1. Need one number: convex hull volume per residue for segment 89-134, Cα atoms only, in Å³.
2. Determine the share of the chain's accessible area contributed by carbon and sulfur atoms, expressed in whole percent, with a 1.4 angstrom probe.
3. Magnitude of the Cβ-charge dipole of segment 181-314, K/R +1 and D/E -1, about the Cα centre, nearest 20 debye?
4. For segment 160-223, state what percent of all Cα-Cα pairs lands in each successive 5 Å bin, counting from 0 Å until the bin that includes the largest distance.
5. Among Ala177, Gly114, Gly145, which residue has its Cα furthest toward the positive end of the charge dipole of segment 77-183, with +1 on Lys/Arg Cβ and -1 on Asp/Glu Cβ?
6. Please work out the C-alpha center-to-center distance from segment 33-81 to segment 202-216 and express it in whole Å.
7. Determine, from the Cβ-Cβ distance of Ser166 and Ala86 and an R0 of 30 Å, the FRET efficiency 1/(1 + (r/R0)^6), rounded to the nearest 0.05.
8. Work out which helices of the chain, taken as complete DSSP H runs, extend at least 18 Å along their axis over the Cα atoms and score a mean Kyte-Doolittle of 0.0 or more, then list them.
Amino acid sequence: MSGPDAVPGASGEATGGRLVLLGNAIVDLVMRVPALPERGGDIVSRDTTLTTGGGFNVLTAARRLGLPAVYAGAHGTGPFGDRVRADLAREGIEVPLPPVTEEDTGFCVAFVDGGGERTFATSLGAEARLTEAHATAVLAALRPGDLVQISGYGLAYPVNGPVLASLVARLPEHTRAFLDPGPLADQIPEQVLEPVLARCDWVSCNQREGRLLTGRDDAREAAVALAARLGPRTGVLLRADADGCWLVPPGGEPAHIPGRRVTAVDSNGAGDAHTGAFLALLGHGLELNSAVRGANAAAAFAVTRHGPATGPTVGELLDFLGGEPLAARLSSALGR
């Protein structure tokens, strides 16, 4: 790659296959409040919605940009499990594992304050009961070129963590592995996290998660430290909200990819929109720099909409970009 959009150390990467999520799709109870209540206090929600969230947000972000997607997590039997499966089906997302019969899918209460920031409390369910039989079934269902996304939430769960670590270590060479360590990054046991990091092709995290993994507050320093920890075969994307992200390609030098200034109304799911778009654009064969810029744009679009699953469709993303040169590159890669 050359020219003004080049990233040091980056090269185009064409990838086929599907997005296969090793994560958790749960139900979100989203409450929009002016501010979080004080301890022992109460506050009235201005708006409350019940929606499918968690890993569903990444899957829909990729699916809406045309990448086939598979939810390879556990799911339960009951009203929440039924809702999750119905929403996955509506988005055209494959579900290869049968329901867990003895437990319903879990849920999360998400408080979105007046500044668009979100705070969570989660109740675990069947999605946190992954078994070795599930792992064997997932491995058998993988296809050459699949992009396997691993959620740090699952790695932090006492039951799921060891199962997922063993599964990731056995991923076939024809797949590529991506990790989002998530808000519980510092609660993942080292014996679970290290084999996953050793197999990953990419790690994508936000600035707080980067600090938890490296001890560095500065976004660039955290990205560089994380890349050094991972080694030259693994790339790093460190998301910095409106400032865009820091990209360290495998074996390459750090580069800042600028973000987009928009009026944020809800940051819930922005990181998922970024991750899903990045995977989708790589899956369509887009070169790395354009894939990252497209992911930044998808995340910026997402925060202008209420709800956790607000990644743009192809048409919405192209309209958002307007007449920018990036829009033409995306249009060509996405077949528009």
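1. Working: hull volume 5.6 nm³, N = 46.
Value for segment 89-134: 121 Å³ per residue.
2. On the way: 7100 of 13340 Å².
In the chain, the share of accessible area belonging to carbon and sulfur is 53 percent.
3. Working: 12 positive and 14 negative charges, 52 e Å.
Charge dipole of segment 181-314: 240 debye, to the nearest 20.
4. Histogram of Cα-Cα distances, whole percents per bin: 4, 17, 26, 25, 15, 9, 3, 0.
5. Of the candidates, Gly145 comes out farthest on the positive side.
6. So the separation of the two Cα centres works out to 23 Å.
7. Working: r = 31 Å, r/R0 = 1.03.
My answer for the efficiency is 0.45.
8. Numbers: long enough: 270-283 (19 Å, 0.91); 288-302 (21 Å, 0.71).
Going by DSSP H runs, the hits are 270-283, 288-302.
The values are calculated or read from the model by the stated rules, or taken from the named source; none is laboratory data. The structure presented is a predicted model; accordingly, all values stated were derived computationally and were not measured. For neighbour counting, all protein chains shown are included, and Cβ atoms are generated from backbone atoms with ideal geometry for every residue, glycine included. The accessibility values were calculated without ligands, DNA or RNA, using every heavy atom of the protein model including side chains. Shrake-Rupley method; radii C 1.70, N 1.55, O 1.52, S 1.80 Å.
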